[in-house]
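Comments concern the structure below.
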Amino acid sequence: MDEALLEEAELAGHSAGTLRFWESPRHAVVLGRSSVSADEVDLAFCEHQGMAVMRRCSGGASVVVGPGCLMYSVILPIEARPELARIDNAHCFVLQTMLRGIRTLVPDASCAGTSDLACESKKFSGNSLRVKRTHLLYHGTLLYDFPLELIQQCLRTAPRQPEYRSGRNHLEFVCNLPIAKAPLQNALANAWGAHSFRADWPRHSTSQLATNRYDKREWNRAR
């Protein structure tokens with residue numbers, strides 16, 4: 001759906017922007033677009049656990065999702081903020097907006113590395129983006145009640161590590177936000193000024209993308 005929303009905005013040529021929240025009902029691993037699955041994921045463990053290994057349309061490294069991991073996405077028009085065409089500016093703008101909401105609940109949350117959000121030097125949010133001609137997609141994870149040991153079990157040592165990680169393994173490096181999902185969503189919606197709900201969403205293009213790409217092994221295990 002994230003890619004379908006991005007393509008919808010591109011075709012329309014203009015957009016006020018969209019904020020989306022969702023949460024997977026099952027645990028799964030999501031690869032970055034250029035991730036090499038065998039380098040980043042313990043595929044044997046995931047297969048034994050019956051966990052899907054999927055690939056997204058944006059960059060970055062692999063993440064583990066499921067209950068207790070709130071996912072968010074924003075589709076933003078570049079025309080309204082031309083500086084967002086630069087990757088570093090896009091990271092800064094989105095993450096600072098996210099922090100405005102999160103800090104109303106967790107005052108010591110901060111940006112870390114290139115595109116992480118952290119609390120006391122422990123990561124609770126990883127993020128990635130995709131930029132097109134007129135719009136960008138920025139999306140990420142927000143751990144709030146996730147079984148952190150599952151990240152250690154599913155993922156291998158990250159091939160690219162931010163300096164602040166200091167060589168820590170996954171279990172030592174990540175943390176859950178000490179807040180529930182509902183107040184977290186409300187705080188973020190307020191930070192983005194998202195006060196109205198969309199009555200529609202691109203169902204047909206979402207289904208087409210699932211059928212033609214995201215349900216196919218050649219996409220998910222391309223590398």
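The values are calculated or read from the model by the stated rules, or taken from the named source; none is laboratory data. Nothing here was measured: the structure is a model prediction, and the numbers come from that model. Using ideal geometry, Cβ is built from the backbone for each residue, glycine included, and neighbour counts are taken over all protein chains shown.
Which of (1) touching a Gly at 6+ places or on another chain (Cβ under 9 Å); (2) in a helix (DSSP H, G or I); (3) over 26 Å from LEU5 (Cα atoms) is the odd one out, the single condition ASN190 does not satisfy?
(3)
If I filter region 70-114 down to residues being in contact with an Asp or Glu (Cβ under 7 Å, 6 or more places away or on another chain) and either surrounded by 17 or more Cβ atoms within 10 Å (Cβ to Cβ) or modelled with pLDDT under 95 (or both), which single residue comes out as nearest to SER128 (Cα to Cα)?
The initial filter retains those residues of region 70-114 that are in contact with an Asp or Glu (Cβ under 7 Å, 6 or more places away or on another chain), namely 70-71, 73, 89, 108.
When the remaining residues are screened for being either surrounded by 17 or more Cβ atoms within 10 Å (Cβ to Cβ) or modelled with pLDDT under 95 (or both), the result is 70-71, 73.
Numbers: LEU70: 15, MET71: 12, SER73: 10 Å.
My answer is SER73.
Identify all residues within region 115-143 that are part of a loop (DSSP other than H, G, I, E, B) and either surrounded by fewer than 20 Cβ atoms within 10 Å (Cβ to Cβ) or more than 17 Å from the chain's Cα centre (by Cα) (or both); write none if there are none. Before you say what the answer is, go through the steps one by one.
We begin by selecting, within region 115-143, every residue part of a loop (DSSP other than H, G, I, E, B); these are 115, 120-121, 132-134.
Of everything in region 115-143, those that are part of a loop (DSSP other than H, G, I, E, B) and either surrounded by fewer than 20 Cβ atoms within 10 Å (Cβ to Cβ) or more than 17 Å from the chain's Cα centre (by Cα) (or both) turn out to be GLU120, SER121, LYS132, ARG133, THR134.
Being of a type in the set (D, E, K, R) and surrounded by fewer than 20 Cβ atoms within 10 Å (Cβ to Cβ): is that true of ARG56 here? Outline the logic, then answer.
Numbers: of a type in the set (D, E, K, R): yes; surrounded by fewer than 20 Cβ atoms within 10 Å (Cβ to Cβ): no.
Here the answer is no, as ARG56 does not meet what is asked.
Kindly evaluate VAL36 against the criterion of being under 27 Å from GLN161 (Cβ atoms), β-branched (Val, Ile, Thr) and either crowded, with 18+ Cβ neighbours inside 10 Å or within 13 Å of the chain's Cα centre (by Cα) (or both).
Values: under 27 Å from GLN161 (Cβ atoms): yes; β-branched (Val, Ile, Thr): yes; either crowded, with 18+ Cβ neighbours inside 10 Å or within 13 Å of the chain's Cα centre (by Cα) (or both): no.
In short, no.
Condition first: modelled with pLDDT under 95, within 17 Å of LEU129 (Cα to Cα) and not hydroxyl-bearing (Ser, Thr, Tyr). Now tell me which residues in region 33-56 satisfy that.
ARG33 - this is the single residue of region 33-56 that is modelled with pLDDT under 95, within 17 Å of LEU129 (Cα to Cα) and not hydroxyl-bearing (Ser, Thr, Tyr).
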